[in-house]
1. Residues that are modelled with pLDDT of 95 or more and either over 20 Å from the mean Cα position of the chain (by Cα) or of a type in the set (Ser, Thr, Tyr) (or both): find the helices (runs of 4 or more DSSP H) completely inside the stretch 203-286 holding 3 or more of those.
2. Considering 196, 144, which residue is surrounded by fewer than 16 Cβ atoms within 10 Å (Cβ to Cβ), at pLDDT 95 or above and of a type in the set (Asp, Glu)?
3. Evaluate the following for residue 18: is it under 18 Å from residue 266 (Cα atoms), of a type outside the set (Gly, Ala, Ser) and free of Cβ contacts under 8 Å to residues at least 12 places away in the same chain?
4. Given the options 100, 114, name the one that is open to solvent by less than 10 Å² (accessible area, probe 1.4 Å) and without any contact (Cβ under 8 Å) to a residue 60 or more places away in the chain.
5. Restricting the search to the stretch 219-262, which residues are within 15 Å of residue 189 (Cβ to Cβ) and touching a His at 6+ places or on another chain (Cβ under 8 Å)?
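The values are calculated or read from the model by the stated rules, or taken from the named source; none is laboratory data. Worth saying up front: this structure is predicted, and the values here are computed from it rather than measured. For neighbour counting, all protein chains shown are included, and Cβ atoms are generated from backbone atoms with ideal geometry for every residue, glycine included. Calculation scope for accessible area: heavy atoms of the full protein, side chains included, ligands and nucleic acids excluded. Shrake-Rupley method; radii C 1.70, N 1.55, O 1.52, S 1.80 Å.
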Amino acid sequence: MAVKILADSACDLTKEDYQRYQIEVLPLIVQLDGKEYEDGVSISAKTIYDAMRGGATPKTAQVSAQAFKDTFERHAAAGDQVVYFSFSSQLSGTYQAAKLMEQEIKESYPDFTLHVVDTKCASLGYGLVVLRAAELAQAGADVDEILKTGQHYYQHMEHIFTVDDLEYLYRGGRVSKTAAFVGTLLKVKPLLHMEDGKLIPLEKIRGSKKVYKRMIEVMEERGADLENQRIAISHGDALETAEQLSQLIRDKWQVKDIKINMVGSTIGAHSGPGTIALFFLNDSPL
């Protein structure tokens, strides 16, 4: 029996990805204009970006403990083996909610094979971890191999990204009002990365063209065996820019696969329209 791979909607994979790789996804919650929606189910990322451009400030909420309980219980009763790879615990309480329910379910089903894993990744950096695990599950890999490979991927996943407008990060509590105002005034583009699951500013760069060039330089400095791995780019409703970055990568390396998806509603509610994020491994893929 194939191992069941679970993820949450912050992995920013598409419905086609979920179907093709048989990934079960639990949606995070997005709140807009006083209403609650399920990320990727009852609201699209495009709707969120259009609302933000109009001045709206959407909020987000983690996957509920009850949703985890219902999901885990269903798989336990079916006798499944399950690995749930989670959105970074530093950015959401989703992982903690899953761990709580893991303990509760295992009291009722002591023989249930369930692993709840904090990837400390986000968006398609997280998505790449989930995709590799799902590929292995489809190929008949056992739980130990999936956990080992998944760990290799999330421990070596680089997240290099920039936002179009610091105002959105300010609204989401990621930068100070002064930094947002000065950055906008000086046309400064922040370059950020993920460190132990947290968003950390890397550099401040004047102008869009320079920031994308710098992203490629950072990829060259940090990446390993780039031609043999799947690269990913996620964007905040900025497909043309994502495709331009993809071309810069292809001009430099003979990469096999570059996956381009939109940043979903949950992360997009904080990063805003125009976000561009680049994901790759700093070690050879398994």
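1. 208-222, 239-252
2. Answer to the selection: 144.
3. So residue 18 fits the description; yes.
4. Only one candidate qualifies: 114.
5. 241
Conditions tested, residue by residue: (1) buried (at least 22 other Cβ atoms within 10 Å of the Cβ); (2) in contact with a helix residue (DSSP H, G or I) (Cβ under 7 Å, 6 or more places away or on another chain); (3) at pLDDT below 95.
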residue	(1), (2), (3)
10	yes, yes, no
22	no, yes, no
28	yes, yes, no
33	no, no, yes
47	no, no, no
55	no, no, yes
69	no, yes, no
